[in-house]
Amino acid sequence: MMLHIPEVLSKAKVAELRALIDAADWVDGNETSGSQSALAKRNAQLPEGSEAAVRAGEWILDALERSPLFVAAALPQVVFPPLFNRYAGGEAFGLHVDNSIRQSRDGRTRIRTDLSATLFLTEPEDYDGGVLVVEDTFGAHEVRLPAGDMILYPSSSLHEVTPVTRGARVCSFFWIQSLIREDARRELLFQMDLAIQQLGGRVGTDAPELVSLTGAYHNLLRMWAEV
Ligand code: NI
């Protein structure tokens, strides 16, 4: 499942975050690549573990905790410390699959990458190209979102970033290990959660049928979750 999560960051927070990271030193993006993706990747990146990356990453992690849509869809167990990249002057990232296991530079975080996230930090009108294309069984999906919005997609998907031909595209990207490893199960729980919330608004959360459905949701989560 791919999910667009609007306004993870407000425009004001995006501006504050951009001021912080734009003033920092950037390095060649291949510092974080696996050997397969290094062949296809051309961009700049904020050094992992640098002061600006850590601070900006914490702002994003705080925002994610306050996003009910993110929590319901990702059922996060561990979120990898967010990283930041910038594409300009024709830079691109060819078709690839993200590494299945990701370890932070300080060795403190090692996760299985169930979900990949891209949080856009540049308005779409400020650059050309730089489309995130994600392939799944329904075809290729083109993603280009307003600053502050985020796309969540299965890390198992082939994806690419097309060349940026004008301006610069700055994004944050990171991975999530979910309590629910399998995408289909996670999607089912998400649909159930949304329906329960919508129904609760119509019939009241103490309706016996809704209490029963909520119980079934939690018991499925209990059956499938890996903690
Ligand atoms: Ni990738």
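Heavy-atom accessible area with a 1.4 Å probe sorts VAL27, VAL203, VAL143, largest first, into VAL203, VAL27, VAL143. Using the charge dipole of the range 3-178 (Lys, Arg: +1 at Cβ; Asp, Glu: -1 at Cβ; taken about the Cα centre), state which of TYR153, ILE5, ASN99 has its Cα farthest towards the positive end. With unit charges placed on the Cβ atoms, the residue in question is ASN99. Couplings 3J(HN,Hα) for the range 92-109, derived from phi with the Karplus relation 6.51 cos²θ - 1.76 cosθ + 1.60 (θ = phi - 60°), are 7, 9, x, 4, 7, 10, 5, 4, 6, 10, 10, 10, 6, 4, 7, x, 7, 10 Hz, where x marks Gly and Pro. Note on THR137/THR205: beta-carbon distance plugged into 1/(1 + (r/R0)^6) with R0 of 35 Å gives a FRET efficiency of 0.45. Label separation (LEU95 vs ASN219): 4.5 nm, computed from points 7 Å beyond Cα along the C-beta direction. Summed over the residues of the chain and divided among them, the accessible surface reaches 49 Å² per residue at a probe radius of 1.4 Å.
Only one residue of PHE70, ALA117, PHE80 has its Cα farthest out toward the positive end of the dipole of the range 70-128, where Lys and Arg carry +1 and Asp and Glu -1 on Cβ, and that residue is PHE80. Taking a virtual spin label 7 Å from the Cα of GLU187 along the C-beta vector, which residues in the range 84-118 bring their backbone nitrogen under 15 Å of it? Only 115-116 pass the distance filter.
Relative contact order (percent) for the chain, with alpha-carbon contacts under 8 angstrom and 6 or more residues of separation? It comes to 24 percent, rounded to a whole number. Of the solvent-accessible surface of the chain, computed with a 1.4 Å probe over protein heavy atoms with every protein chain present, carbon and sulfur atoms account for 53 percent. The overall shape of the range 183-224, judged from the alpha-carbon gyration tensor, is oblate: a/c is not under 1.5, and a/b is no greater than b/c.
Along its principal axes, the range 3-178 has C-alpha extents of 37, 37, 31 angstrom, given from the largest down.
The values are calculated or read from the model by the stated rules, or taken from the named source; none is laboratory data. Quick caveat: nothing in here was measured; it's all calculated off a predicted structure. Glycine also receives a Cβ, built like all others from the backbone with ideal geometry; neighbour counts cover every protein chain displayed. For the accessible areas, the whole protein counts, side chains as well, though only heavy atoms, and no ligand, DNA or RNA atoms are used. Shrake-Rupley method; radii C 1.70, N 1.55, O 1.52, S 1.80 Å.
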